[in-house]
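The values are calculated or read from the model by the stated rules, or taken from the named source; none is laboratory data. Computed from a predicted model, the values in this text were never measured in an experiment. Please note: Cβ atoms are built from the backbone with ideal geometry, for glycine as well, and neighbour counts cover all protein chains shown. The area values use the complete protein model at the heavy-atom level, side chains included, leaving out ligands, DNA and RNA. Shrake-Rupley method; radii C 1.70, N 1.55, O 1.52, S 1.80 Å.
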Amino acid sequence: MLEIKSKLKIPRGAYRLEVKGQLRLPFDARQKSRLRTTLASGEEVALMLPRGDILRGGDLVVASDGRVIEVVAEAENVVHITCRSAQELTRAAYHLGNRHVPVQVGDGFLRIAADHVLEEMIKGLGASVAPMEAAFEPEAGAYGGAHRHADDEHGHAGRIHQYGEAHGHKHDHAHGHDHDHDHDHDHDHDHGHGHHHGHKH
(Lines give C-alpha, C1' and ligand atoms only; values in the text may rest on other atoms or scores of the structure.)
Protein backbone atom coordinates (compact mmCIF):
# COMPACT_ATOMS: atom_id res chain seq x y z
CA MET A 1 0.00 0.00 0.00
CA LEU A 2 1.15 3.53 -0.78
CA GLU A 3 2.31 5.39 2.35
CA ILE A 4 2.47 9.09 3.12
CA LYS A 5 4.83 9.94 5.97
CA SER A 6 5.66 13.61 5.47
CA LYS A 7 4.47 16.88 4.01
CA LEU A 8 6.62 19.42 2.25
CA LYS A 9 7.60 22.31 4.49
CA ILE A 10 8.78 24.57 1.68
CA PRO A 11 6.52 27.31 0.27
CA ARG A 12 4.46 25.90 -2.54
CA GLY A 13 5.87 28.23 -5.20
CA ALA A 14 9.51 27.85 -4.16
CA TYR A 15 10.19 24.97 -6.57
CA ARG A 16 8.59 23.64 -9.72
CA LEU A 17 7.08 20.37 -8.60
CA GLU A 18 4.96 17.99 -10.61
CA VAL A 19 1.88 17.06 -8.62
CA LYS A 20 0.77 13.51 -9.37
CA GLY A 21 -2.42 12.99 -7.42
CA GLN A 22 -4.92 14.45 -4.99
CA LEU A 23 -5.86 13.50 -1.45
CA ARG A 24 -9.37 14.81 -0.74
CA LEU A 25 -10.30 14.79 2.96
CA PRO A 26 -12.72 16.60 5.32
CA PHE A 27 -11.24 18.43 8.29
CA ASP A 28 -11.82 15.63 10.80
CA ALA A 29 -9.74 13.24 8.68
CA ARG A 30 -7.05 15.86 8.03
CA GLN A 31 -6.34 16.00 11.77
CA LYS A 32 -5.49 12.31 12.06
CA SER A 33 -1.88 11.18 11.97
CA ARG A 34 -2.88 7.55 11.27
CA LEU A 35 -5.50 6.96 8.61
CA ARG A 36 -6.27 4.56 5.77
CA THR A 37 -8.00 6.28 2.88
CA THR A 38 -7.85 6.60 -0.91
CA LEU A 39 -6.52 9.12 -3.37
CA ALA A 40 -8.94 10.81 -5.77
CA SER A 41 -7.88 8.15 -8.30
CA GLY A 42 -9.14 5.39 -5.97
CA GLU A 43 -5.67 4.15 -5.03
CA GLU A 44 -5.42 3.07 -1.39
CA VAL A 45 -3.07 5.07 0.80
CA ALA A 46 -1.99 5.02 4.45
CA LEU A 47 -1.28 8.26 6.28
CA MET A 48 1.56 7.87 8.78
CA LEU A 49 2.34 11.47 9.70
CA PRO A 50 4.10 12.77 12.81
CA ARG A 51 1.67 13.33 15.67
CA GLY A 52 0.32 16.85 15.75
CA ASP A 53 0.50 17.49 12.01
CA ILE A 54 -2.71 18.87 10.53
CA LEU A 55 -3.18 18.75 6.77
CA ARG A 56 -4.58 21.89 5.19
CA GLY A 57 -6.05 22.37 1.76
CA GLY A 58 -3.19 23.12 -0.63
CA ASP A 59 -0.54 21.24 1.34
CA LEU A 60 1.77 18.98 -0.61
CA VAL A 61 2.72 15.56 0.77
CA VAL A 62 5.27 13.01 -0.39
CA ALA A 63 4.28 9.39 -1.02
CA SER A 64 6.54 6.38 -0.47
CA ASP A 65 7.09 6.03 -4.23
CA GLY A 66 8.31 9.65 -4.52
CA ARG A 67 5.11 11.13 -5.89
CA VAL A 68 4.07 14.61 -4.74
CA ILE A 69 0.37 14.67 -3.87
CA GLU A 70 -1.85 17.68 -3.24
CA VAL A 71 -4.15 17.80 -0.23
CA VAL A 72 -7.63 19.11 -1.04
CA ALA A 73 -10.01 20.28 1.69
CA GLU A 74 -13.15 18.36 0.81
CA ALA A 75 -16.44 20.24 1.01
CA GLU A 76 -18.51 19.27 4.04
CA ASN A 77 -21.62 20.39 5.90
CA VAL A 78 -20.85 23.61 7.77
CA VAL A 79 -22.76 26.50 9.30
CA HIS A 80 -21.83 29.91 7.88
CA ILE A 81 -22.32 32.63 10.51
CA THR A 82 -22.62 36.37 9.85
CA CYS A 83 -23.64 39.30 12.06
CA ARG A 84 -24.76 42.89 11.66
CA SER A 85 -21.68 44.26 13.41
CA ALA A 86 -18.15 43.31 14.34
CA GLN A 87 -19.19 43.40 18.00
CA GLU A 88 -21.93 40.83 17.47
CA LEU A 89 -19.58 38.61 15.46
CA THR A 90 -17.00 38.81 18.25
CA ARG A 91 -19.68 37.87 20.79
CA ALA A 92 -20.63 34.83 18.69
CA ALA A 93 -16.96 33.81 18.45
CA TYR A 94 -16.60 34.19 22.22
CA HIS A 95 -19.52 31.89 23.00
CA LEU A 96 -18.34 29.30 20.48
CA GLY A 97 -14.88 29.46 21.99
CA ASN A 98 -16.35 28.73 25.42
CA ARG A 99 -17.60 25.44 23.99
CA HIS A 100 -14.17 24.55 22.62
CA VAL A 101 -15.40 23.70 19.14
CA PRO A 102 -13.29 24.24 16.00
CA VAL A 103 -14.13 27.62 14.44
CA GLN A 104 -13.04 28.99 11.09
CA VAL A 105 -12.53 32.76 11.20
CA GLY A 106 -13.05 34.55 7.90
CA ASP A 107 -13.41 38.14 6.71
CA GLY A 108 -16.73 39.05 8.32
CA PHE A 109 -17.87 35.48 9.00
CA LEU A 110 -17.38 32.41 11.15
CA ARG A 111 -17.86 28.77 10.20
CA ILE A 112 -18.41 25.72 12.35
CA ALA A 113 -19.18 22.10 11.57
CA ALA A 114 -22.90 21.45 11.22
CA ASP A 115 -24.45 21.27 14.70
CA HIS A 116 -28.14 21.99 15.38
CA VAL A 117 -27.60 22.86 19.05
CA LEU A 118 -24.87 25.39 18.32
CA GLU A 119 -26.87 26.75 15.41
CA GLU A 120 -29.80 27.54 17.73
CA MET A 121 -27.47 29.13 20.27
CA ILE A 122 -25.96 31.40 17.63
CA LYS A 123 -29.42 32.39 16.38
CA GLY A 124 -30.30 33.33 19.94
CA LEU A 125 -27.40 35.77 19.94
CA GLY A 126 -28.88 37.54 16.93
CA ALA A 127 -26.52 36.09 14.32
CA SER A 128 -27.57 34.89 10.88
CA VAL A 129 -26.76 31.29 10.02
CA ALA A 130 -26.70 29.57 6.66
CA PRO A 131 -26.09 25.82 6.28
CA MET A 132 -23.83 25.12 3.30
CA GLU A 133 -21.28 22.73 1.87
CA ALA A 134 -17.80 24.24 1.88
CA ALA A 135 -14.21 23.51 2.80
CA PHE A 136 -13.69 23.76 6.56
CA GLU A 137 -10.39 25.22 7.75
CA PRO A 138 -10.74 26.15 11.45
CA GLU A 139 -8.13 27.90 13.52
CA ALA A 140 -5.30 25.78 14.87
CA GLY A 141 -5.54 25.07 18.61
CA ALA A 142 -3.67 27.59 20.74
CA TYR A 143 -2.73 24.91 23.29
CA GLY A 144 -0.67 22.82 20.92
CA GLY A 145 -0.64 19.06 20.62
CA ALA A 146 -3.07 17.99 23.37
CA HIS A 147 -6.15 18.60 21.25
CA ARG A 148 -4.74 16.95 18.17
CA HIS A 149 -3.53 13.86 20.06
CA ALA A 150 -7.02 13.35 21.41
CA ASP A 151 -8.38 13.63 17.89
CA ASP A 152 -6.15 10.83 16.68
CA GLU A 153 -7.53 8.46 19.30
CA HIS A 154 -11.08 9.52 20.03
CA GLY A 155 -12.22 11.96 17.37
CA HIS A 156 -13.93 15.29 18.02
CA ALA A 157 -15.53 14.32 21.32
CA GLY A 158 -12.15 13.20 22.63
CA ARG A 159 -10.68 16.61 22.05
CA ILE A 160 -13.39 18.41 24.03
CA HIS A 161 -13.16 15.80 26.83
CA GLN A 162 -9.39 16.19 27.11
CA TYR A 163 -9.62 19.97 27.07
CA GLY A 164 -12.00 19.84 30.03
CA GLU A 165 -9.62 17.62 31.97
CA ALA A 166 -6.62 19.79 31.24
CA HIS A 167 -8.17 23.16 31.99
CA GLY A 168 -11.30 22.70 34.08
CA HIS A 169 -9.97 20.09 36.56
CA LYS A 170 -13.56 19.15 37.45
CA HIS A 171 -13.34 15.74 35.83
CA ASP A 172 -10.17 14.73 37.66
CA HIS A 173 -11.40 15.93 41.04
CA ALA A 174 -14.70 14.13 40.70
CA HIS A 175 -13.00 10.82 40.01
CA GLY A 176 -10.52 11.40 42.77
CA HIS A 177 -13.23 11.82 45.40
CA ASP A 178 -15.23 8.85 44.21
CA HIS A 179 -12.20 6.62 44.27
CA ASP A 180 -11.14 7.72 47.75
CA HIS A 181 -14.57 7.16 49.27
CA ASP A 182 -14.95 3.72 47.71
CA HIS A 183 -11.51 2.69 48.83
CA ASP A 184 -12.03 3.79 52.45
CA HIS A 185 -15.39 2.05 52.64
CA ASP A 186 -14.11 -1.28 51.34
CA HIS A 187 -10.97 -1.13 53.41
CA ASP A 188 -12.79 -0.53 56.70
CA HIS A 189 -15.32 -3.31 56.13
CA ASP A 190 -12.91 -5.90 54.80
CA HIS A 191 -10.30 -5.53 57.52
CA GLY A 192 -11.85 -3.54 60.31
CA HIS A 193 -8.63 -3.45 62.35
CA GLY A 194 -7.87 -0.57 64.62
CA HIS A 195 -4.41 -0.41 63.19
CA HIS A 196 -5.75 0.48 59.79
CA HIS A 197 -8.10 3.13 61.18
CA GLY A 198 -5.25 4.66 63.10
CA HIS A 199 -3.04 4.58 60.09
CA LYS A 200 -5.52 6.52 58.02
CA HIS A 201 -6.08 9.17 60.64
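Every pair of different Cα atoms in the stretch 1-120 enters the Kirkwood calculation, which places the hydrodynamic radius at 16.2 Å.
Working from label points 7 Å from Cα in the Cα-to-Cβ sense, the Ser128 to Ser41 distance is 4.5 nm. A cut-off of 5 Å between modelled amide H atoms, ignoring neighbours fewer than 5 places along the same chain, links Leu8 with Leu60, Val61, Val62. Were the residues from Gln87 through Leu2 laid out at 0.36 nm apart, the gain over their Cα-Cα distance would be 25.7 nm. Take the Cβ atoms of Asp65 and Lys9, set R0 to 25 Å, and the FRET efficiency comes out at 0.80.
Loop-located trypsin sites (Lys or Arg not before Pro) in the stretch 1-66 (DSSP state other than H, G, I, E, B) with a sparse environment of at most 16 neighbouring Cβ atoms within 10 Å: Lys9, Arg12, Arg16, Arg51, Arg56.
Accessible surface of the stretch 1-101, 1.4 Å probe: 48 percent of it comes from carbon and sulfur atoms.
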